[in-house]
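Beneath this line is the structure, given in structure tokens, with notes to follow.
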Amino acid sequence: MTARLALVITALFFASCTSESTPPPNGAPAPGQEVASSLSRDTAPDTTADELARLTADNAAFGWELYRELVKDRENLFFSPHSISVALAMTWAGARGNTETEMADALRFSLGQARLHPAFNALDLELASRAEAGGANPPLPFRLNVTNALFGQRDFTFLDPFLDTLAIHYGAGLRLMDFVNEAEQSRVAINSWVADQTEDRIEELIAQGIIDAATRLVLVNAIYFTASWAEPFDEANTRSDPFTLPDGTEINTPTMHGNAAMRYVDAENYEAAEVPYDGQQLAMLLIVPDEGQFAAVESALAASTLAQILDELSVHQVDLSLPKFSFRSLVPAKEPLRSLGMVDAFGGAADLSGMNGTGGLFIQDVVHQGFIAVDEKGTEAAAATAVIVGETSAPPAATLTVDRPFMFAIIDRPTGATLFIGRVVDPSN
């Protein structure tokens, strides 16, 4: 059983409040060059376990609040609250005044500037170590890569402290573009970089017209994740099974069948199971509401209820039936972020003077795209025993048949970080 691919890209676009510009000076670096801080990434950031726990809790709270905004008028959905938080944290490094306050409130940042960026650095370095935890020969090599980059106008001056923060805590350098005279060429170049980071899974993140002569900075965060399940599905057991859509329509969809020890609960109006990936460090949490309870369970989802669900889980031997699914989500995040209270950053009231010293910048747009594919390809991964350590007798049996709409989250178990959130209401879409 292979959770083949999960990848997400977030891009933010910053513009000057005036479209007036002067030709680049003769001494300006050529487009395509990288202007990096003289400081290297801090590989041993000064942060505490409490700060890391606060950061992951804050990100989870933000993620589920954003989820409620994004599911309006949507069917299937997949996004990364971690990716969006990282991209906006890099932006927050240059925010000042009310813009800084609004962003912190909307993103649920409880750590101040001096502590938040080292905490994000520590979390991303911790996540980067997950590739070492997989089995010897999994069907797919475990990969969890987080990449950051900035693309800035070649003749626009960015402050050294801003660039230093992004270099030290996010490993991000500044690649120079000529948005003023070569907006379309710049768009193509950035999309090409994104495609390289995502194994060509996302080739057209930025649509035509988003970048224009007023653009001064494009900030991109990419998360690429691929892994095998800890216990495989047998491809021979996959068959077409019924799945009931929200309107009661029944469709047939390819469904995988397997039996494995995993943490499971049958609660009052939902079932949930935590399906671990190879290495046992990450897991997909399936939340499957009872028939007729999808809206009620979904509306109640929050970071606190997610923690409650995780606490209720206990090890069972589960007969799991799970639809194969693969889809792409293009998430325009600007209006949902406005709804969460991040208002000033998107207009003339924005104060991003920490980027350039003078202000006059605002966020043009926030574009987020995710792709996920889950199937049973590959051979059996290394056997996993971590979830049943301490069990002195055979775990109880349970059956989870995912034949109706469900939500899911991909969670880093050691830190509790919620990396991805999604829902599937039509696996055939």
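Please work out whether the stretch 62-197 counts as rounded, prolate or oblate from its C-alpha gyration tensor, where a ≥ b ≥ c are the square roots of the eigenvalues and a/c under 1.5 means rounded, while otherwise a/b larger than b/c means prolate and anything else oblate? It comes out rounded by the Cα gyration axes. Over all other residues within a Cβ to Cβ distance under 12 Å of Q153, the charged ones net out to -1, with Lys and Arg as +1 and Asp and Glu as -1.
Could you work out how far the C-alpha centroid of the stretch 338-357 sits from that of the stretch 50-124, in angstrom? After rounding, the separation between the Cα centres reads 15 Å. Gyration tensor over the Cα atoms of the stretch 255-357: the corresponding equivalent ellipsoid has semi-axes (square roots of 5 times the eigenvalues, largest first) of 37, 17, 15 Å. Computing Rg and the Kirkwood Rh from the Cα coordinates of the stretch 149-203 gives a ratio, Rg/Rh, of 1.03. Computed over Cα pairs, the Kirkwood radius of the stretch 214-274 leads via Stokes-Einstein (0.692 mPa s, 37 °C) to a diffusion coefficient of 203 µm² per second. Charged side chains reduced to their Cβ positions (Lys and Arg at +1, Asp and Glu at -1) give the stretch 187-305 a dipole of some 580 debye around its Cα centre. Dipole magnitude for the stretch 124-249: about 180 debye, using +1 per Lys or Arg Cβ and -1 per Asp or Glu Cβ, origin at the Cα centre.
Across the stretch 114-121, rounded Karplus estimates of 3J(HN,Hα) from the backbone phi angles (6.51 cos²θ - 1.76 cosθ + 1.60, θ = phi - 60°) give 5, 10, 5, 5, x, 5, 4, 4 Hz, Gly and Pro being marked x.
The charge dipole of the stretch 54-116, taken about the Cα centre with unit charges on the Cβ atoms of Lys, Arg (+1) and Asp, Glu (-1), comes to about 180 debye, rounded to the nearest 20. Ranked by the mean number of other Cβ atoms within 10 Å per residue, highest first, peptides 66-79, 85-98 order as 85-98, 66-79.
As an exercise, take the mean of 1/r over every pair of distinct alpha carbons in the stretch 223-311, invert it, and state the Kirkwood radius in angstroms. With all distinct Cα pairs of the stretch 223-311 included, I get 15.1 Å.
Rule-based calculations on the coordinates, nothing more; no lab input. Here the structure is a predicted model, which means the values were calculated and not measured. All Cβ positions, glycine included, derive from the backbone under ideal geometry; neighbour counts span all protein chains shown.
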